[in-house]
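Enquirer: Have a look at this one before I ask anything.
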Amino acid sequence: MLDHLITHDDGLRMVPTDRNELAAAVGRLREELRALPEEVDPARTRVLTRWIGIGQMCLGHHEDARTFLRQALDLAARIGNTGAVVATGLNLADAYRYAGDVRTADALYRSALITARSRHPELVDFALQHTGKHLMERGDLAEAETHLREALRLRIAKGNAELVESAQAALDRVELLLGETSTPTSPASARPT
């Protein structure tokens with residue numbers, strides 16, 4: 001819905017390709033949501049609230065993002081769409097991570113990964129990818145690498161080149177960071193004492 005207006009920055013966070021256009025598109029989605037009749041299928045409301053939340057997150061409006069994504073998550077749970085619960089839970093975790101709330105993000109990522117593993121194996125690679133990026137940001141590089149290697153393996157098996165490229169980019173970033181942490185900071189620190 002907004003995919004064409006979102007890309008990833010050097011830290012692999014979602015950002016707008018065109019901030020003004022994304023803001024306008026989010027505004028249009030909000031208007032569509034407001035115009036929905038009360039008796040509308042809750043699945044449409046869930047989709048709109050999710051994408052508004054994702055757009056707001058990319059624009060840096062973290063509180064609004066969390067509000068809309070929480071609504072979308074609650075709707076997904078209420079209608080019994082566990083696949084949407086996993087996907088939206090990952091988006092909500094991202095919104096908390098982007099806002100700096102690592103603890104809440106961690107709980108949401110782990111819950112989504114557990115649900116994906118037990119009920120939606122087709123979403124495990126997404127849960128691993130999001131969780132791996134979270135672990136990378138919080139500095140748990142070894143665990144991030146493990147998650148991202150598994151995501152890459154699953155995506156290679158799916159045969160989707162775009163997903164493979166995304167997983168490889170995240171894994172490359174972790175390996176770069178791992179290399180930086182294993183490099184001595186100065187020549188003096190490498191000398192025996």
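Nothing in this text is a laboratory measurement; each read-out follows from the coordinates by a stated rule. Keep in mind it's a predicted model, so treat the numbers as computed, not measured. Don't worry about glycine lacking a Cβ; one is built from the backbone with ideal geometry, like all the others, and counts go over all protein chains shown.
Enquirer: Helix 124-137 versus the longest principal axis of the chain: what is the Cα-based angle in degrees, 0 to 90, to the nearest 10?
Expert: With rounding to tens, the tilt is 60 degrees.
Enquirer: Per residue of the range 53-61, what does 6.51 cos²θ - 1.76 cosθ + 1.60 with θ = phi - 60° give for ³J(HN,Hα)? Whole Hz please, x for Gly and Pro, Karplus curve as stated.
Expert: x, 5, x, 4, 4, 5, 7, x, 8
Enquirer: For the chain, take the longest principal axis of its alpha carbons; what is the angle in degrees between that and the long axis of helix 19-35, to the nearest 10 within 0 to 90?
Expert: Value to nearest ten degrees: 40.
Enquirer: Run the helix sum for the chain: -39,500 (n - 2.57) per DSSP H stretch of 4+ residues, divided by residue count, reported at 222 nm to the nearest 500 deg cm²/dmol.
Expert: Mean residue ellipticity at 222 nm (helix-derived): -24500 deg cm²/dmol.
Enquirer: Among 78-84, 109-115, 8-14, 66-72, how do they line up from the highest to the lowest mean number of other beta-carbon atoms within 10 Å?
Expert: In descending order of packing, they fall as 66-72, 109-115, 78-84, 8-14.
Enquirer: Check Ile6: other-chain or 5+ apart residues with amide H under 5 Å from its amide H, H built from backbone geometry?
Expert: Correct list: Thr17.
Enquirer: A further question follows. Once you have all Cα-Cα distances for the chain, histogram them in 10 Å bins from zero and send the whole-percent values.
Expert: 9, 32, 35, 16, 6, 2, 1, 0
Enquirer: I want to check the label-to-label distance for Arg70 and Arg19. Put each point 7 Å from Cα in the C-beta direction and report it in nm to one decimal.
Expert: 2.7
Enquirer: Below 8 Å, C-alpha to C-alpha, sequence gap of six or more: please give me the relative contact order for the chain in percent.
Expert: 12
Enquirer: List the relative contact order of the range 56-125 as a percent without decimals, with contacts defined as Cα pairs under 8 Å and 6+ residues apart.
Expert: In percent, rounded to a whole number, it is 28.
Enquirer: Output the 0 to 90 degree angle, nearest 10, between the alpha-carbon long axis of helix 161-182 and the longest principal axis computed from the alpha carbons of the chain.
Expert: Roughly 40 degrees, rounded to the nearest 10.
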